[in-house]
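Chemist: Input: one structure, supplied below.
The values are calculated or read from the model by the stated rules, or taken from the named source; none is laboratory data. The shown structure was predicted, so the numbers you read here are calculated from the model rather than taken from an experiment. All Cβ positions, glycine included, derive from the backbone under ideal geometry; neighbour counts span all protein chains shown. The protein model used for the area step is the full one, side chains on, heavy atoms only, and it has no ligands, DNA or RNA in it. Shrake-Rupley method; radii C 1.70, N 1.55, O 1.52, S 1.80 Å.
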Amino acid sequence: MDEFMQAAIDEARQGLAEGGVPIGSVLVHDGRIIGRGHNQRQQRGSVVLHGEMDALENAGRRPASVYRESVLYTTLSPCPMCSGAIVLYGIPRVVIGENRTFQGAEAYLRAQGVAVEVVDSNACRDLMTTFIGRHPEVWNEDIGV
């Protein structure tokens with residue numbers, strides 16, 4: 001397992017331990033993590049703190065050039081909101097842990113020139129499958145259903 005995807009999985013597990021949706025993300029620049037986060041909608045009562053948004057927030061303000069040279073790792077296929085932020089900041093590559101439990105806006109990302117790689121991680125899929133089975137109402141709220 002790639003060390004950066006493992007860091008995203010660790011974030012997802014932290015979110016789950018806090019009572020949230022197990023989705024984690026890390027932003028990597030020049031081979032080091034500059035931002036990490038996990039879904040915190042339940043924990044913080046937030047409408048926007050998906051894992052990717054939390055990682056971007058925790059990376060802090062950066063020059064545009066940093067985003068254009070970064071890779072975002074996320075345990076689940078990014079939703080339209082998170083995909084919009086990826087495109088807005090010009091992040092050129094996204095590595096996705098899994099997209100079987102939720103097919104996000106990958107087509108949009110690709111159409112905008114973002115390189116999208118799906119790892120199809122069993123660990124990522126198991127986290128989501130178990131969570132969705134136990135908390136379908138929380139999951140449906142998280143994705144706007």
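Chemist: Among the residues of the range 68-97, count how many are without any contact (Cβ under 8 Å) to a residue 40 or more places away in the chain, surrounded by fewer than 22 Cβ atoms within 10 Å (Cβ to Cβ) and on the phi < 0 side of the Ramachandran plot.
Modeler: Matching residues across the range 68-97 total 10.
Chemist: Out of all the residues in the range 113-127, which are among the aliphatic types (A, V, I, L, M), part of a helix (DSSP H, G or I) and more than 15 Å from Phe4 (Cα to Cα)? Walk me through it before giving the result.
Modeler: Here is the first cut: in the range 113-127, the ones among the aliphatic types (A, V, I, L, M) are 114-116, 118-119, 123, 127.
Those still in the list that are part of a helix (DSSP H, G or I) too: 123, 127.
Scanning the range 113-127 gives a single hit, Leu127.
Chemist: Would you tally the residues in the range 130-145 being of a type outside the set (A, V, I, L, M, F, W, C) and either within 17 Å of Thr74 (Cβ to Cβ) or in a strand (DSSP E or B) (or both)?
Modeler: Residues in the range 130-145 being of a type outside the set (A, V, I, L, M, F, W, C) and either within 17 Å of Thr74 (Cβ to Cβ) or in a strand (DSSP E or B) (or both): 1 in total.
Chemist: Applying the selection to the range 37-51, what residues are in a loop (DSSP other than H, G, I, E, B) and in contact (Cβ under 8 Å) with a residue 12 or more places away in the chain?
Modeler: Listed by number, the residues that qualify are Asn39, Gln40, Val48, Leu49, His50.
Chemist: Turning to a different aspect of this structure: Name the residue, out of Arg110, Arg100, Arg61, that is free of Cβ contacts under 8 Å to residues at least 12 places away in the same chain and either assigned to a loop (DSSP other than H, G, I, E, B) or buried (at least 22 other Cβ atoms within 10 Å of the Cβ) (or both).
Modeler: Every option except Arg61 fails the conditions.
Chemist: To continue, here is another question. Could you run through the range 50-76 and say how many residues are closer than 15 Å to Gly37 by Cα and small (Gly, Ala, Ser)?
Modeler: 4
Chemist: Still on this structure, I have one more. So Tyr73 ticks every box in (1) out of contact with any Gly (no Cβ under 6 Å at 6 or more places or on another chain); (2) modelled with pLDDT of 95 or more; (3) assigned to a loop (DSSP other than H, G, I, E, B) but one. Which box is left unticked?
Modeler: Of (1) out of contact with any Gly (no Cβ under 6 Å at 6 or more places or on another chain); (2) modelled with pLDDT of 95 or more; (3) assigned to a loop (DSSP other than H, G, I, E, B), only one is false for Tyr73: (3).
Chemist: List the residue pairs whose Cβ atoms are under 6 Å apart, where the first residue sits in the range 120-139 and is free of Cβ contacts under 8 Å to residues at least 24 places away in the same chain, the second is of a type outside the set (S, T, N, Q), and the two are 6 or more positions apart or on different chains.
Modeler: Asp120/Glu98
Chemist: Looking for something under 13 Å from the mean Cα position of the chain (by Cα), open to solvent by 10 Å² or more (accessible area, probe 1.4 Å) and acidic (Asp, Glu) - is there at least one such residue anywhere in the range 13-35?
Modeler: Looking for residues that are under 13 Å from the mean Cα position of the chain (by Cα), open to solvent by 10 Å² or more (accessible area, probe 1.4 Å) and acidic (Asp, Glu), one finds none in the range 13-35, hence no.
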